[in-house]
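Enquirer: This structure is in structure tokens; I'll ask about it shortly.
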Amino acid sequence: MLVELGRDEECLRWGDASPTGAPTQARSWTAVAAERWSERLPYSPRQWVVEVLREGVWRAAGTVEYRPDGHGAAEVGYAVHPAFRDNRVAVRALDLALEHAFTQDDVDTARWRAEVGNWASRRVAWRLGFSAPLTVRGLLPGHGQERRPRDGWVASLRHDEARTPAYPWLVVPTLEAGGVVLRPWRHTDAGRIVEACQDPVSQRYLPALPRPYGIGEAMAYVDRVRDSAARGTELAWCVTETGADVCVGSVALFGLGTQPGQAEVGYLAHPQVRGRGLLTVAVQSACRYALTSLTAGGLGLDRLLLRAAESNAPSRKVALAVGMTQTGRDRRAERLGDGTVEDMVRFDLLAGEITPL
Ligand SMILES: CC(C)(COP(=O)(O)OP(=O)(O)OC[C@H]1O[C@@H](n2cnc3c(N)ncnc32)[C@H](O)[C@@H]1OP(=O)(O)O)[C@@H](O)C(=O)NCCC(=O)NCCS
């Protein structure tokens with residue numbers, strides 16, 4: 001098992017705790033692990049082989065470890081053989097290792113680090129209550145020949161915190177209604193995102209958009225919204241027409257978790273489709289999903305907020321078309337992309353004011 005793990009593509013790619021690609025290395029890994037257990041120095045790694053009961057036989061399925069620093073913190077590591085993945089083996093193994101660290105080893109804080117993009121590992125840490133990860137550039141050493149350090153995620157868990165998720169991990173659902181589909185973003189949408197975001201009207205009314213807006217910015221956007229959904233703060237959809245999987249716009253619910261039960265809505269139409277009513281249908285779908293109860297398959301929010309610049313007539317029209325109520329204005333609240341300062345008109349929509357899913 002250890003040899004196969006040491007040769008596994010995922011382990012090699014993410015470069016964690018995997019001992020060994022050759023039998024001799026595997027043997028020395030087990031010998032060193034055993035020696036460290038017998039020494040039990042305050043800072044020596046605590047390493048286990050994980051066994052799983054399958055068809056009545058205990059089978060070696062992976063490794064789990066923590067590395068105390070001797071001063072109350074310990075870093076965790078784990079690897080599961082491909083034949084045993086996606087069965088919560090890592091979650092169960094790490095839970096046991098954490099229990100040991102917190103109760104037998106006087107560890108106060110466990111730290112988790114992974115390379116940006118190692119979603120399976122992030123999900124394990126999330127399930128066990130680790131804090132929402134921070135991204136740190138160059139956190140991890142480069143692989144082999146690669147001299148450039150890799151960007152990493154880092155999170156922590158204290159001994160007295162519950163080992164259950166500390167925040168919601170949102171999954172972007174695919175919604176379809178009225179000939180319009182809302183689906184998760186993909187990197188292959190980047191070209192269309194660039195076209196939509198380079199457009200002068202978009203640049204005027206979305207002053208936070210980077211300028212110039214190129215493929216790099218679009219790829220970063222797709223990564224960012226995946227990250228925001230996984231930390232429970234934003235749901236962002238790519239809008240397409242039924243039967244044609246080409247991006248025609250975007251709808252997002254952001255600020256989730258800031259005020260319980262509330263979120264803000266944002267949207268953008270690709271310049272080619274403006275004036276056809278597609279975004280009205282898309283925003284309606286997103287609002288319906290947001291304001292439908294959890295038990296009926298929605299997000300269970302109570303209220304949505306929308307803010308549009310005074311001169312942005314099409315956006316204000318979408319808000320009214322989906323049934324929002326104009327509630328007021330924030331005077332001279334936004335400097336637009338062209339430098340002019342305008343009032344922002346506020347709208348809201350409450351649960352019960354839209355037909356649920
Ligand atoms: C990370 C690793 C240990 C997970 O092992 P595992 O036994 O499959 O983990 P679990 O089944 O306990 O949990 C994995 C979760 O990630 C999810 N997952 C897997 N791939 C995913 C992806 N690409 N995106 C999002 N979630 C993903 C699984 O569905 C599962 O979610 P669930 O809890 O809702 O079921 C395993 O993939 C591995 O050995 N990777 C290589 C070594 C490594 O990366 N170690 C960690 C370094 S920090």
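Enquirer: Before I look further, what does the chain give for accessible area per residue, probe 1.4 Å, in whole square angstrom?
Expert: 51 Å²
Enquirer: Give the percent of DSSP beta bridges with both residues in the chain that are antiparallel, rounded to the nearest 5.
Expert: In the chain, DSSP labels about 90 percent of beta bridges as antiparallel.
Enquirer: Per DSSP H run of at least 4 residues, take -39500 (n - 2.57); add these up for the chain, divide by its residues and hand me the 222 nm value, nearest 500 deg cm²/dmol.
Expert: -9000 deg cm²/dmol
Enquirer: Continuing with this model, one more query. In whole angstrom, how far apart do the alpha carbon centroids of region 181-212 and region 270-285 sit?
Expert: If we compute the Cα centre of each part, the gap is 14 Å.
Enquirer: Could you pull out every residue, at least 5 positions away or on a different chain, whose amide H is within less than 5 Å of the one on residue 62? Hs are placed 1.01 Å off N in the peptide plane, and Pro or chain starts have none.
Expert: Those qualifying (amide H under 5 Å, at least 5 residues apart or on another chain) are 50, 81.
Enquirer: Once you have a ≥ b ≥ c as the square roots of the Cα gyration tensor eigenvalues for region 260-299, tell me rounded if a/c is under 1.5, and otherwise prolate or oblate according to whether a/b is larger than b/c.
Expert: prolate
Enquirer: Using only alpha carbon pairs under 8 Å that are at least six residues apart, calculate the relative contact order of region 185-272 and give it in whole percent.
Expert: With pairs under 8 Å counted, the relative contact order is 26 percent.
Enquirer: Can you run phi through the Karplus equation (6.51, -1.76, 1.60; θ = phi - 60°) for region 198-203 and list ³J(HN,Hα) in whole Hz, with x for Gly and Pro?
Expert: Those phi angles translate into 7, 4, x, 5, 4, 5 Hz.
Enquirer: Quick one: in region 190-288, what % of C-alpha pairs are over 20 Å apart?
Expert: 38 percent
Enquirer: Report the per residue volume, in Å³, of the convex hull enclosing the C-alpha atoms of region 175-350.
Expert: Given the Cα convex hull of region 175-350, per-residue volume reads 112 Å³.
Enquirer: Can you report the principal axis dimensions of region 234-285 using only the alpha carbons, biggest first, rounded to whole angstrom?
Expert: 35, 20, 16
Enquirer: Highest first, please rank the peptides 20-29, 280-289 by the mean number of other Cβ atoms sitting within 10 Å of their residues.
Expert: Ranking the peptides 20-29, 280-289 by packing returns 280-289, 20-29.
Enquirer: Based on the Cα atoms of region 142-223, what semi-axes does the equivalent ellipsoid have, where each is the square root of 5 times one gyration tensor eigenvalue, given in whole Å with the largest first?
Expert: 32, 24, 15
Enquirer: If you don't mind, there's one more thing I want to ask. Pull up all non-local amide H partners of residue 329: gap of 5 or more, or a different chain, and H-to-H distance under 5 Å with H placed in the peptide plane.
Expert: 346
Enquirer: Classify region 2-158 as rounded, prolate or oblate from the Cα gyration tensor: take a ≥ b ≥ c as the square roots of its eigenvalues, call it rounded if a/c is under 1.5, otherwise prolate when a/b beats b/c and oblate if not.
Expert: Since a/c stays below 1.5, the shape of region 2-158 is classed as rounded.
Enquirer: With a/c under 1.5 counting as rounded, go ahead and sort the chain into rounded, prolate or oblate using the C-alpha gyration tensor (a ≥ b ≥ c being the square roots of the eigenvalues; past the cut-off, prolate if a/b is larger than b/c, else oblate).
Expert: Prolate, since a/c reaches 1.5 and a/b exceeds b/c.
Enquirer: Another question about this same structure. I'd like the carbon and sulfur percentage of the solvent accessible area for region 113-248, probe radius 1.4 Å, heavy atoms only, ligands and nucleic acids excluded.
Expert: Taking all protein chains in place, region 113-248 shows 55 percent carbon and sulfur surface.
Enquirer: Same structure, new question: So for the chain, averaging the separation of alpha carbon pairs under 8 Å that are six or more residues apart and normalising by length, what relative contact order in percent results?
Expert: That works out to 9 percent.
The values are calculated or read from the model by the stated rules, or taken from the named source; none is laboratory data. Not measured: the values here are computed from a predicted model. Using ideal geometry, Cβ is built from the backbone for each residue, glycine included, and neighbour counts are taken over all protein chains shown. Ligands, DNA and RNA are excluded from the accessible area calculation, which covers all protein heavy atoms including side chains. Shrake-Rupley method; radii C 1.70, N 1.55, O 1.52, S 1.80 Å.
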